[in-house]
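The values are calculated or read from the model by the stated rules, or taken from the named source; none is laboratory data. Small disclaimer: the values here were computed from a predicted structure and weren't measured. Heads up, the Cβs are rebuilt from the backbone with ideal geometry, glycines too, and the neighbour counts pull from every protein chain shown.
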Amino acid sequence: MDIQQAQLYQRIRAFSLDEPGAAYPFSQKLARENGWSADYTQRAIAEYQKFVFLAIAAGHPVSPSEVIDRVWHLHLTYTRSYWEEFCPKVLQTTLHHEPSRGGTLERQKFQDWHDRTLASYRVFFGQPPQDIWQSDPPRSRGGWLQQRWTIPFATLLAFWAATVGFPSPALAALRNPLNFKGPEFLAFYLWLSALSIFLAAGVRWYLRQRQAWQTAKWLPASLVWLMLPLGIAKMAIGIFRDKPIGWLLILCIIVAIIGFSFLNNDTNWSTSSRRSRYGSSVRSRCGTSRRSRSGSSCGSSSSSSCGSNCGSSSGSNCGSSSGSSCGSSSGSSCGGGCGGCSGG
């Protein structure tokens with residue numbers, strides 16, 4: 001690492017993604033959206049800083065891991081921080097993010113970029129941490145339950161009050177609701193299902209306010225699906241006792257469908273498509289104006305790499321373009337990257 005590269009890395013490390021005095025800072029939002037622990041989030045941010053350093057200093061196109069790409073996507077949403085502070089003052093160039101165009105050739109290209117990125121990482125920083133630079137982000141990590149099962153105390157209190165407020169004869173039999181007769185159990189199951197749906201809607205609203213989009217889909221659905229084992233157990237008893245179970249079967253199907261409806265969250269679409277579309281919109285709104293403000297810029301729309309006239313000390317900036325297509329419905333690995341500056 002030469003003097004200029006050391007100065008660049010020092011500026012990157014000194015730049016804080018958390019706005020001073022913010023009640024809901026960048027790192028907390030990143031942790032909540034992905035279900036990461038505070039320690040893992042800080043490590044992911046540190047690796048993101050190393051990645052953007054490589055994008056400028058490696059001299060070849062680079063491609064992030066899925067974890068680092070999530071940090072990058074969120075940083076792009078802080079448009080003033082990214083375009084007015086980070087790029088012009090810290091990187092002293094533009095660093096664009098472009099989605100992959102899809103297909104086998106694109107996957108091969110980005111895999112090659114990713115391999116070259118890891119090779120350059122080893123040159124500058126040593127062996128990359130596997131839990132951050134691997135293809136798939138962590139599914140379960142310290143703090144996972146804390147992030148995903150944060151339910152407002154008022155919601156639990158409301159559930160307790162509704163249960164205690166249930167009529168006393170039924171409350172006595174509530175210890176074993178499977179002993180209810182058919183019509184009584186249907187009424188009980190319908191009431192309890194309506195309560196679980198109401199609570200699920202409240203939890204989803206709360207999590208949306210905290211911008212925990214993924215948790216706002218799975219947790220409410222899980223609350224509704226908790227009703228299914230009870231209904232299935234009662235149907236099994238009914239079949240064993242040769243009793244009709246048609247109405248209960250219909251109720252269970254309705255409950256299952258309502259649970260799936262919480263997963264199909266049209267307000268907060270899937271992370272990958274939401275981020276890819278947002279990255280494209282940010283690029284289209286901001287990219288042109290930022291490149292015009294840089295002295296001389298380079299990089300084509302395909303963003304394979306920047307020309308050799310970039311990164312000189314005379315102040316001409318390199319408009320490196322970047323891209324990502326992080327995952328598909330089949331769960332493919334992160335196929336995105338950025339065309340780094342290849343000049344001196």
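Select from the range 58-75 the residues that are crowded, with 23+ Cβ neighbours inside 10 Å and within 22 Å of residue 10 (Cα to Cα) and list them in ascending order. Result: 61, 62, 63, 64, 68, 69, 71, 72.
Number of residues in the range 57-83 that are more than 19 Å from the chain's Cα centre (by Cα) and modelled with pLDDT under 90: the value is 6. Within the range 236-249, track down each residue that is surrounded by fewer than 17 Cβ atoms within 10 Å (Cβ to Cβ) and either under 29 Å from the mean Cα position of the chain (by Cα) or closer than 12 Å to residue 189 by Cα (or both). Within the range 236-249, 247, 249 meet the criteria.
Restricting 54, 8, 30 to those that are out of contact with any His (no Cβ under 8 Å at 6 or more places or on another chain), surrounded by 20 or more Cβ atoms within 10 Å (Cβ to Cβ) and closer than 17 Å to residue 81 by Cβ reduces the list to 30.
What's the total number of residues in the range 89-127 that are β-branched (Val, Ile, Thr) and in contact with a helix residue (DSSP H, G or I) (Cβ under 9 Å, 6 or more places away or on another chain)? Within the range 89-127, residues that are β-branched (Val, Ile, Thr) and in contact with a helix residue (DSSP H, G or I) (Cβ under 9 Å, 6 or more places away or on another chain) number 4. The helices (runs of 4 or more DSSP H) falling completely within the range 3-85 that include 3 or more residues that are among the hydroxyl-bearing types (Ser, Thr, Tyr) map to 38-57.
Would you check if there is a residue in the range 85-95 being closer than 30 Å to residue 209 by Cα and aromatic (Phe, Trp, Tyr)? Taking every residue of the range 85-95 in turn, at least one turns out to be closer than 30 Å to residue 209 by Cα and aromatic (Phe, Trp, Tyr).
Listed by first and then second residue, the pairs linking a residue in the range 88-107 that is under 18 Å from residue 48 (Cβ atoms) to a residue that is assigned to a helix (DSSP H, G or I) and β-branched (Val, Ile, Thr), with Cβ atoms under 7 Å apart and 6 or more places separating them unless they lie on different chains, are 90/12; 91/52; 91/56; 93/56; 95/52. Among residues of the range 96-111 being among the small types (Gly, Ala, Ser) and under 24 Å from residue 75 (Cα atoms), the one that is farthest from the chain's Cα centre (by Cα) is 102. Taking each residue of the range 1-16 that is more than 17 Å from residue 48 (Cα to Cα) and looking for partners that are among the acidic types (Asp, Glu) and not in a helix (DSSP H, G or I) with beta-carbon atoms closer than 6 Å, six or more apart or interchain, yields nothing.
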